[in-house]
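Everything below concerns the one structure shown next.
The values are calculated or read from the model by the stated rules, or taken from the named source; none is laboratory data. Please read all numbers here as calculations on a predicted model, not as lab measurements. So basically every Cβ, Gly included, is an ideal-geometry build from the backbone, and we count neighbours across all protein chains shown.
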Amino acid sequence: MTVIIDSNIIFSALLNKNSRIVKQLFKPGFEYTSVNYVIYEIFNHKERLLSYSKLKDEEQKEHFELIFAHIRLVPQSDISFRSYYLAHRLIAETDMDDIAFVALAFELNAPLWTNDLPVRKAIEKYNGIRLFKPFEE
């Protein structure tokens, strides 16, 4: 099952290598997919990640490699205009930063894993995208 994973989930996984998010990423049967610019976001916040994670630089690098071994990155250019248009209509008033993740969910017809509450609420009102909720029963 393909699941679109947004940056806040990836940040959470990078902050705590023993989190339930990391354990979920390693479960078989899922292909986690994200937009390639998430790498830029991570490096843009590298110092903050290091300070919050309490991992040494080398440990953080190893953890980063381990996490990204389980995430397929898709170039933004592979997402159609139509998918961006639908995503923009759905969440433009909510969170412009997440449009690419929502567009990728439209593009691949896959559920989106996000902890961004306003985005989740917008998606729950719409029938075109499913949310991935691995920790809700």
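Checking the conditions here, which among 83, 34, 77 is touching a helix residue (DSSP H, G or I) at 6+ places or on another chain (Cβ under 9 Å), over 17 Å from residue 132 (Cβ atoms), at pLDDT 95 or above and small (Gly, Ala, Ser)?
Details: 34 fails: over 17 Å from residue 132 (Cβ atoms); 77 fails: touching a helix residue (DSSP H, G or I) at 6+ places or on another chain (Cβ under 9 Å).
Exactly one residue qualifies, and that residue is 83.
Looking at 50, 104, 86, can you tell me which residue is assigned to a helix (DSSP H, G or I) and without any contact (Cβ under 8 Å) to a residue 12 or more places away in the chain? Steps first, please.
Details: 104 fails: without any contact (Cβ under 8 Å) to a residue 12 or more places away in the chain; 86 fails: without any contact (Cβ under 8 Å) to a residue 12 or more places away in the chain.
Only one candidate passes the filter, namely 50.
Based on what the data block shows, is residue 91 buried (at least 20 other Cβ atoms within 10 Å of the Cβ), more than 12 Å from the chain's Cα centre (by Cα) and β-branched (Val, Ile, Thr)?
Numbers: buried (at least 20 other Cβ atoms within 10 Å of the Cβ): yes; more than 12 Å from the chain's Cα centre (by Cα): yes; β-branched (Val, Ile, Thr): yes.
Spelling it out, residue 91 is indeed buried (at least 20 other Cβ atoms within 10 Å of the Cβ), more than 12 Å from the chain's Cα centre (by Cα) and β-branched (Val, Ile, Thr).
So residue 60 passes all but one of these: (1) of a type outside the set (Asp, Glu); (2) at pLDDT below 90; (3) closer than 19 Å to residue 123 by Cα. Which condition number does it fail?
(3)
Each row is one residue, and each column tells you yes or no for (1) among the basic types (Lys, Arg); (2) farther than 16 Å from residue 5 by Cα.
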| position | (1), (2) |
| --- | --- |
| 48 | yes, yes |
| 51 | no, yes |
| 56 | yes, yes |
| 60 | no, yes |
| 64 | no, no |
| 68 | no, no |
| 72 | yes, no |
| 79 | no, no |
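Is it true that residue 72 is part of a strand (DSSP E or B) and of a type in the set (D, E, K, R)? Explain how you work it out, then say what you get.
On the way: part of a strand (DSSP E or B): yes; of a type in the set (D, E, K, R): yes.
Yes: the conditions hold for residue 72.
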